[in-house]
Structures are given as structure tokens and as C-alpha cells.
Amino acid sequence: MIRTSLATIALIAGAIPVSAAGEVAPDIHQLCLQAADYRGCVEAQAGTPEYLGNKCPENHAYVGEGKCQRVYCDWVGLGGGHHEPLVAGKSTWRCGNNYNFWKDELQVGILRLGATVKVEQTSDCPSIAPQEDWNSSCEHAEDNWRAIEAEAKRPKCSKRLVPFECDWNAYLEANPGMKAWAESNPEAAQKQRIKLEADPLKK
């Protein structure tokens, strides 16, 4: 679930590599957004499960590790059972009552879990895994989640530094001529570094 405000992301985004949102699993990206050392945080989360999708098929609940489980109603007599606790009271999982004419009795719908399938990906929901026992990440998304994701993915430096993840030193290493100029003109190079590393939308 995306709960980080757009304002917060804007303040810290300058320290985030431009490739973060595209190459790092969204759940890890969100976890590390406020870390002082973003790259170190991402590396420390190497054991975090890989992001596999954000929405289960209809009538399926997310159960973790990229899997969804079918949710269905089992009709039983009064007092004949209890809802599956993993999904009871969550998402839109509901079962009503049903009258069985063959048995001439009122039956109660009990939530059950069935077969397992893989989670899916849709652009209509935030790019994070659903909360377990819910259908999709849309169910816990902020109203402005699209703007939040766009801000997180937006390059926070000059186009010249974007291929180098906004890293001035990496830019110099890839451009020997510019590196030689920077070493010969440290004051001018410092001004150029500040200019290129500045967020173009914050000027």
C-alpha cells in the first residue's frame, strides 16, 4: 500500500537513483525511500521476495509469494461452520444465505479457500503486491497513487546525468575529457556538478 505522501517523496527523491522505481521491486523501493543510504537499503533487502504482480483474478485472494487462492461460498445448514479466518471480513468477500428447496432448509454461506493461481499485473493498480487475503493493491491505494508513482520514477537531475543514475563521478568516469576539465577547473566543475545534479522541477 502506498502511504508515502507526494510531498515527502519530493523532499527525498534527490537521493534516489533514477533507476530505482524501474529496477527495484516496488515494495523494497517504498521501504527504502526514506533511508539515508537508498542503495545500501536496497542491497540490505536482497532477501525480500521479488515483486510478481499487484492483482489477483476475480474471486481470488492474495496469499503471498506471488500466489492467489480462490475464494468461494460453501452452503451449509445453520451452525454448520465458520468462515475461513484468512479472508473473513476482508476485501469484498461475503456470503449470504440461501434456501435449499430440496432439503427444505435455510443455508448459510461460509467462505472457503480453493485452488491456487499466480498473481497478475495490471496498470490499473499501484505497482506493489496486494496485502495478503485481499484481491489487489487498489484496495489500499491512496487516491493520488499514480502521481506518487510518477514522482518516484521521475529523474531528479539533468538529462546528461540520467544515464549515470544522477551520479556526477560516474558521468566524469565515462567522459575522460570532462573529467580532465573538472580536475583542472575545480571551482567551475563544482558549479557544473550542482547545476547538473539539481532537480529540474525544483528550480
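Return the residues of the stretch 154-203 that are assigned to a helix (DSSP H, G or I), under 21 Å from HIS29 (Cβ atoms) and touching a residue at least 24 places away in the same chain (Cβ under 8 Å); say none if nothing qualifies.
Going through the stretch 154-203, the residues assigned to a helix (DSSP H, G or I) turn out to be 162-164, 168-174, 176-184, 186-197.
Among the residues that remain, those that are also under 21 Å from HIS29 (Cβ atoms) are: 162-164, 170, 197.
Hits for the stretch 154-203 are VAL162, GLU197.
Can you find, within the stretch 140-173, the residue that is modelled with the lowest pLDDT among those that are small (Gly, Ala, Ser) and closer than 23 Å to ASP124 by Cα?
Start the filter on the stretch 140-173 by keeping residues that are small (Gly, Ala, Ser), which leaves 141, 147, 150, 152, 158, 170.
Still in the list and also closer than 23 Å to ASP124 by Cα: 141, 147, 150, 152.
Details: ALA141: 90, ALA147: 90, ALA150: 86, ALA152: 82.
Ranking the candidates gives ALA152 first.
Is it the case, given these coordinates, that SER136 is under 30 Å from HIS60 (Cβ atoms), touching a Cys at 6+ places or on another chain (Cβ under 9 Å) and among the polar types (S, T, N, Q)? Steps first, please.
Numbers: under 30 Å from HIS60 (Cβ atoms): yes; touching a Cys at 6+ places or on another chain (Cβ under 9 Å): yes; among the polar types (S, T, N, Q): yes.
Judged against the criteria, SER136 is a match.
Suppose we filter the stretch 91-136 for residues that are in a strand (DSSP E or B) and polar (S, T, N, Q); how many remain? So that I can check it myself, show each step before the final result.
Taking the stretch 91-136 as the starting set, the residues that turn out to be in a strand (DSSP E or B) are 97-100, 105-118, 120, 136.
Right, trim to polar (S, T, N, Q) and you get 97-98, 100, 107, 116, 136.
Number of matching residues: 6.
Any chance the stretch 137-148 includes a residue that's over 30 Å from VAL71 (Cα atoms), outside the structural domain of TYR72 (by TED's automatic domain parsing) and in a helix (DSSP H, G or I)?
Taking the stretch 137-148 and keeping what is over 30 Å from VAL71 (Cα atoms), we get 147-148.
Pick out the ones that are also outside the structural domain of TYR72 (by TED's automatic domain parsing) and you get 147-148.
Now drop any that are not in a helix (DSSP H, G or I), which leaves 147-148.
Scanning the stretch 137-148 turns up at least one residue that is over 30 Å from VAL71 (Cα atoms), outside the structural domain of TYR72 (by TED's automatic domain parsing) and in a helix (DSSP H, G or I).
What are the pairs with Cβ atoms under 8 angstrom where one residue, in the stretch 107-127, is closer than 21 Å to GLU65 by Cα and outside the structural domain of LEU78 (by TED's automatic domain parsing) and the other, located anywhere, is outside any strand (DSSP E or B) and among the aromatic types (Phe, Trp, Tyr)? Sequence gap at least six, or different chains.
Pairs found: PRO126/TRP145; SER127/TYR51.
Suppose the filter is touching a Cys at 6+ places or on another chain (Cβ under 7 Å) and at pLDDT 90 or above; does GLU187 pass it? Even if it seems obvious, please write down each step before you answer.
Working: touching a Cys at 6+ places or on another chain (Cβ under 7 Å): no; at pLDDT 90 or above: yes.
Judged against the criteria, GLU187 is not a match.
Quick one: GLU151 ticks every box in (1) closer than 30 Å to GLU197 by Cβ; (2) part of a loop (DSSP other than H, G, I, E, B) except a single one, so which number is it?
Failing condition for GLU151: (2).
Here's the yes/no breakdown for (1) modelled with pLDDT of 65 or more; (2) more than 30 Å from PRO163 (Cβ to Cβ); (3) hydroxyl-bearing (Ser, Thr, Tyr):
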position	(1), (2), (3)
ARG3	no, yes, no
LEU11	no, no, no
GLY14	no, no, no
GLU23	no, no, no
PRO57	yes, yes, no
CYS68	yes, yes, no
TRP75	yes, yes, no
GLU84	yes, yes, no
GLN107	yes, yes, no
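The values are calculated or read from the model by the stated rules, or taken from the named source; none is laboratory data. Keep in mind the model is a prediction, meaning the values are calculated, not measured. Don't worry about glycine lacking a Cβ; one is built from the backbone with ideal geometry, like all the others, and counts go over all protein chains shown.
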